[in-house]
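Chemist: Pasting a structure here, questions to come.
Please treat every number below as a calculation from the coordinates, not as lab data. Being a predicted model, the structure only gives us computed values, none of them experimental. Positions of Cβ are backbone-derived with ideal geometry, glycine not excepted, and every protein chain shown enters the neighbour counts.
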Amino acid sequence: MQLLLSHDQYDRVAAEAGRSGRSVNAVVRDALDRYLEPEHSWADGITVFLALTEEPGRDQAQSPGDLATELDEQFDRVVLAAPGDRS
């Protein structure tokens, strides 16, 4: 399988890999496993993925560290939340 990411998306995944000490492939596999867990619907997974990979607007420039922190917080809030608790 081949997965094509934009440069920005790859940079975000690579930043998470560096932050967590994992490979880029491991980050992608882990994200897919979490998004596609049985209690999450396919639509939930796509919604979360798209929300986490949105490109910031021109007025929302962030450092890689700030972006990684924001993505971690969003992931915890959306993906790890109990079903029905998503905001």
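Chemist: Residue 74 to residue 34: extension gain in nm, 0.36 nm per residue of separation minus the Cα-Cα distance?
Modeler: Contour length minus Cα-Cα distance gives 13.1 nm.
Chemist: Using the Karplus equation 6.51 cos²θ - 1.76 cosθ + 1.60 (θ = phi - 60°), what ³J(HN,Hα) coupling, rounded to whole Hz, does each residue of segment 13-30 give in order, writing x for Gly and Pro?
Modeler: 5, 5, 4, 5, 4, x, 5, 9, x, 10, 7, 4, 4, 5, 5, 5, 4, 4
Chemist: Describe numerically, in nm with one decimal, the distance between label points set 7 Å from Cα along Cα→Cβ at residue 19 and at residue 46.
Modeler: 2.7
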